[in-house]
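What follows is a single structure, written as structure tokens, with notes after it.
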Amino acid sequence: MMGEYIIYFRGKIIGGIYDDRFLVKPTASALRKMPSAPHEIPYDGAKEMLLVDEIDNREFLKELILEMSEELPDLKKK
């Protein structure tokens, strides 16, 4: 089953909160900003995501999310 919360930014899914972990999609910018971040699976059957350790660093989170949002596709319309 899926995790607790999905995080959206400007209509795009950035990541989520899963079992008290902030995980983000492994985009090129996320991998560049967090090269040694552990890859974790948020829930059974899901793809690996990156664990964000610097959750108290507001400037880092702002830069990470802004850069990621440029790379992520828009949500598909139903």
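List of remarks:
- Segment 7-48: projected area of the alpha-carbon convex hull, averaged over directions, in nm²: 3.3 nm²
- Taking a straight line from the alpha carbon of K62, these lysines sit under 28 Å away, with near neighbours fewer than eight places off in the same chain left out: K12, K25, K33, K47, K76, K77.
- Heavy-atom surface analysis with a 1.4 Å probe gives the chain a carbon and sulfur content of 53 percent of its accessible area.
- Magnitude of the charge dipole, the chain, Cβ model with Lys/Arg +1 and Asp/Glu -1, debye to 20: 500 debye
- For segment 52-78, backbone nitrogen atoms closer than 17 Å to the point 7 Å from R32 Cα along Cα-to-C-beta are found at 60-73.
- Placing unit charges on the Cβ atoms of the charged side chains and taking the dipole of the chain about its Cα centre, the candidate lying farthest along the positive direction among I41, F22, I65 is I65.
- Calculated FRET value between E40 and K78, using beta carbons and R₀ = 35 Å, to 0.05: 0.75
- Highest average first, the peptides 17-27, 43-53, 67-77 ordered by how many other beta carbon atoms sit within 10 Å of their residues are 17-27, 43-53, 67-77.
- With 5 Å bins from 0: P(r) over segment 4-78, alpha-carbon pairs, percent: 3, 16, 28, 28, 18, 5, 1, 0
- Taken per residue, the accessible surface of the chain reaches 71 Å², heavy atoms only and a 1.4 Å probe.
The values are calculated or read from the model by the stated rules, or taken from the named source; none is laboratory data. The model shown is predicted, which means the values in this text are computed figures rather than measured ones. Cβ sites come from the backbone with ideal geometry, for glycine too, and all protein chains shown count toward neighbours. Surface areas here come from the heavy atoms of the whole protein model, side chains and all, with no ligands, DNA or RNA. Shrake-Rupley method; radii C 1.70, N 1.55, O 1.52, S 1.80 Å.
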